[in-house]
Amino acid sequence: MTGAPYSTMTIKQLFSSLLLLWIAACSGGISGSGGLPTGFSVGPIDGFGSVIVNDVRFNTDSASFTVDGVAASQSDLSVGQVIELEGNFGSRVASSVSYRSEIKGPVTSITLNDPELGLGTLVVLGQTVRVNSQTVYDGTSLSAIVQGNLLEVSGPRNSDGSVVATYLEAKSNLPEYKVVGTATNATATTFSLGALSVNYGSADTSDLPGGVVANGDRVEARTDPAGFSPPSSFVANRVEPADGPNGQAGARIELEGFVTNFTSAANFRVFDFPVRTDSGTNFINGNAASLANNVKVQVKGSVASDGFLRADSCEIQSTGAIRTEWEVESFNLGASTVTVLGVEWQIRSDTELEDDSSANVDPFTLADLSVGDLVQVRGFLDGSTPVASRFERDDPQSDARLRGPVTAVTIGGSFDFEILGTGIRSDSMTIHRDENDAVISQSAFFTALGTGVFVDAKWDPFSGTSNAADELSLELDD
């Protein structure tokens, strides 16, 4: 994505940039305050209080903002939107923040893969959009979306070109539709963006090099609603470049997205930026062997002379949904945390809170909770922190559930293994299932078990995790 005004400089900015280049020539890098280089951070907004992206809080007091190419302010941004922030990584001061939505248009199909876990697939303007437990909804929800709804979509793309939505906003009206993507099947008048066929023979292409689209170009195509013929034909009235950050040698680059174009751990892309890891890369939650297409990563480093981002750190991130269902063991209003089945959940401003118990409190807040309340919590791991995307209070029930990655395998101890740090037991009465829901033997289950493997544990009735689970299922990291 692009849209940041770094291509236009004042005289003072130009002088400063030339000075930085001179420093880079002498020291091998473009440095900012504190010895860290200036550069770009691309990823979903984690929070505000200035802007937090890629786990770094940047001061935005003097930053310029653009939203879809139009001057804006920080109040126009939302958690989950993928931004490109330019700034100084020493002082952590942003100079510009740009948000470019990936898609704006009508939904043409919906598939609910697993509504309980928040998993679904939409098609919007010929683009496959995948939603999961990390998707932030604004004005809608997965269960509320129907064919024909107008949506704004933001999120990184994976290796098959699908958008993994980090942000979905319902729109009551859209004066124009738009798609950002990588062009294929390009001719002098047409190209494709995913399954969308774009005719740009009469479009404004004045910002494109030579006025034409080439295969591999990342572009934004726009039309008015009359220019879209469902489900996959689009007559553009404007097409423009939508390139990402192009940091020069020495620039700092931080990216959170999916591995694409994977050749090796020393040659892959994130947000279409070339990345390599080496023996000096600090891996978190994995190693070089963990890298492959569609693995979600957060990579941080500097641009080398060959144009690759040489990763100082590479964090392997989970996209899998985690879940607990049982009684509240404790909660902390000041820290906004709730503990269920030994898992301490972080409740954030975008967590969807709902009271489906007989109390039916509306609006429902953590202040309405009591220890012993039956709750269902669904969310994701932010690093190692369980974050709730949906928190629901229900009436009492006898069964309990815990879904998440195995954090330890301790066969032979008091527990057989741990999910999110909570001990789990298995015995001869436990039903064991594989990823396809087929019943397997206990020995086959434990052969497949390992740290990071997702498991769904169920008890009915539940009387404590010291008792063996009634059912254990291996799960895909969805």
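Annotation: amide H-H contacts under 5 Å for ASN237 (H modelled 1.01 Å from N, sequence separation of 5 or more, or interchain): ARG222, THR223, ASP224. Remark: the range 385-393, residue by residue, has Karplus-estimated 3J(HN,Hα) of 9, x, 10, 7, 9, 9, 10, 10, 8 Hz, where x stands for each Gly or Pro and the curve is 6.51 cos²θ - 1.76 cosθ + 1.60 at θ = phi - 60°. Look at the alpha carbon pairs under 8 Å that are at least 6 residues apart: their mean separation over the length of the chain gives a relative contact order of 10 percent.
Angle of helix 11-27 to the longest C-alpha principal axis of the chain, folded into 0 to 90 degrees and rounded to 10: 70°.
Compute the Cα gyration tensor for the range 76-209, then decide on rounded, prolate or oblate, letting a ≥ b ≥ c be the square roots of its eigenvalues: rounded whenever a/c is under 1.5, prolate when a/b is larger than b/c in the other cases, and oblate in all that remain. Display every interim value, and only then the final one.
On the way: a/c = 1.73, a/b = 1.04, b/c = 1.67.
It is oblate, given that a/c is not under 1.5 and a/b is not larger than b/c.
Students often get this wrong: which residues of the range 228-256 have the backbone nitrogen under 18 Å from the point 7 angstrom along Cα-to-C-beta of ASP204? 228, 235-243, by backbone N distance to the label point. Ratio of Rg to Rh for the chain: 0.99 [Cα atoms; Kirkwood radius as inverse mean 1/r over pairs].
Considering only the other residues whose Cβ falls under 10 Å of the Cβ of SER473, what net charge follows from Lys and Arg at +1 and Asp and Glu at -1? Walk me through the intermediate numbers first.
Values: positive: ARG403, ARG433, LYS458; negative: ASP434, GLU435, ASP437, ASP456, GLU471, GLU475.
Combined, the nearby Lys, Arg, Asp and Glu give -3.
Computed from label points 7 Å out along Cα-Cβ, the spacing between ILE52 and GLU352 is 2.2 nm. For the range 110-127, the Karplus equation 6.51 cos²θ - 1.76 cosθ + 1.60, evaluated at θ = phi - 60°, returns couplings of 9, 10, 8, 6, 7, x, 5, 9, x, 9, x, 10, 10, 10, 10, 6, x, 9 Hz by residue, with Gly and Pro reported as x. Under a 5 Å amide H cut-off, with hydrogens placed 1.01 Å from N, ALA72 pairs with PHE65, THR66, VAL67 among residues at least 5 apart or on other chains. Shown for VAL340, VAL295: other C-beta atoms within 10 Å of each C-beta, ranked fewest to most, produce the order VAL295, VAL340. What the Cβ-Cβ distance of ARG92 and ALA144 gives, at R0 = 35 Å and to the nearest 0.05, is a FRET efficiency of 0.40.
Given a Förster radius of 22 Å and the C-beta distance between ARG238 and ASN185 as r, what FRET efficiency does 1/(1 + (r/R0)^6) yield to the nearest 0.05? Provide the component values of the computation, followed by the final result.
Values: r = 20 Å, r/R0 = 0.90.
With R0 = 22 Å, the Cβ-Cβ based efficiency is 0.65.
The relative contact order of the range 400-475 comes to 38 percent, based on Cα pairs under 8 Å that sit 6 or more residues apart. Cα centroids of the range 321-375 and the range 169-227: 44 Å apart. What the phi angles of the range 49-55 give under the Karplus curve with 6.51, -1.76 and 1.60, with θ = phi - 60°, is a coupling list of x, 6, 10, 10, 9, 6, 6 Hz, glycine and proline written as x.
Counting Lys +1, Arg +1, Asp -1, Glu -1, what net charge surrounds VAL371 among other residues with beta carbon under 9 Å of its beta carbon? Residues near VAL371 contribute -3 overall. Just to confirm a number: summing +1 for Lys and Arg and -1 for Asp and Glu over residues other than SER463 whose beta-carbon lies under 13 angstrom from that of SER463, what do you get? Cβ neighbours under 13 Å give a net charge of -3.
Computed from the coordinates by the stated procedures, all read-outs in this text should not be read as laboratory data. Source: prediction; values computed, not measured. So basically every Cβ, Gly included, is an ideal-geometry build from the backbone, and we count neighbours across all protein chains shown.
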